[in-house]
């Protein structure tokens, strides 16, 4: 039985077949659909085969739709972590403008992803694990350099992962590695030091993103200008 739902006589017409041959093809095609090819005469079967051989092959493969960057699993994961932290920070009783070191890091990471537009397929997400030690080292260095300008609060990072898993109904990678599973310290930086830390993140994170993600290996795009912001945030 033919897999087609309707005949393709109009396509034979475009190929220059005569009205008589097209009519014969349609009649034979309809007969085969109803009664099967076995009941056709040999000449009719050969004619039908000739007609269908002349037609272009039907493309049956699925058309791949490129998922936008903001819908990629890695991006939505980091964004979820950032949104959760921002919500928590708004509820803290701290001076206006005080900001978490973690939110600065994640904001800048998303900004770089928006700018460079990596594929964020499996090769990228596997390599992105290299961002974990960078984040931890940056936090550690910032705490050492700005002791007098930081305030420590508590935050259960494990809740981030469990909340995301509950929301997405699938297993998710935690923000921090297993060795930090019991670490709940959440450093906040004073307002007048936020932009200083942000600039340091940009200087260090941009080259790391470019050299770490395979999909950016051949990119010659320069680092984003200091005043660049994603269109969605402008």
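The values are calculated or read from the model by the stated rules, or taken from the named source; none is laboratory data. Small disclaimer: the values here were computed from a predicted structure and weren't measured. FYI the Cβ positions are ideal-geometry reconstructions off the backbone, even for glycines, and counts take in every protein chain you see.
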Taking residue 171 and the conditions (1) at pLDDT 95 or above; (2) not in a helix (DSSP H, G or I), which numbered condition does it fall short on, given that it satisfies the others? (1)
Quick check: anything in the stretch 154-164 in contact (Cβ under 8 Å) with a residue 60 or more places away in the chain and in contact with a strand residue (DSSP E or B) (Cβ under 7 Å, 6 or more places away or on another chain)? yes
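Condition check ((1) more than 21 Å from residue 153 (Cβ to Cβ); (2) part of a helix (DSSP H, G or I); (3) in the same structural domain as residue 136 (by TED's automatic domain parsing); (4) without any contact (Cβ under 8 Å) to a residue 12 or more places away in the chain) across all residues:
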position: 182; (1), (2), (3), (4): no, no, yes, yes
position: 198; (1), (2), (3), (4): no, yes, yes, no
position: 205; (1), (2), (3), (4): yes, yes, yes, no
position: 210; (1), (2), (3), (4): yes, yes, yes, no
position: 222; (1), (2), (3), (4): yes, no, yes, yes
Selected residue [surrounded by 10 or more Cβ atoms within 10 Å (Cβ to Cβ), at pLDDT below 90 and either assigned to a helix (DSSP H, G or I) or outside the structural domain of residue 163 (by TED's automatic domain parsing) (or both)] from 21, 43, 30: 30
Tally of residues being outside any helix (DSSP H, G or I) and in contact with a strand residue (DSSP E or B) (Cβ under 9 Å, 6 or more places away or on another chain) across the stretch 72-94: 2
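Does residue 184 meet the test of being touching a strand residue (DSSP E or B) at 6+ places or on another chain (Cβ under 6 Å) and surrounded by fewer than 16 Cβ atoms within 10 Å (Cβ to Cβ)?
So residue 184 fits the description; yes.
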Read through the list (1) part of a helix (DSSP H, G or I); (2) within 18 Å of the chain's Cα centre (by Cα); (3) at pLDDT below 90, then give the number of the only condition that residue 107 fails. (3)
Since residue 57 meets every condition but one in (1) under 19 Å from the mean Cα position of the chain (by Cα); (2) loosely packed, with under 15 Cβ neighbours inside 10 Å, which condition does it not meet? (1)
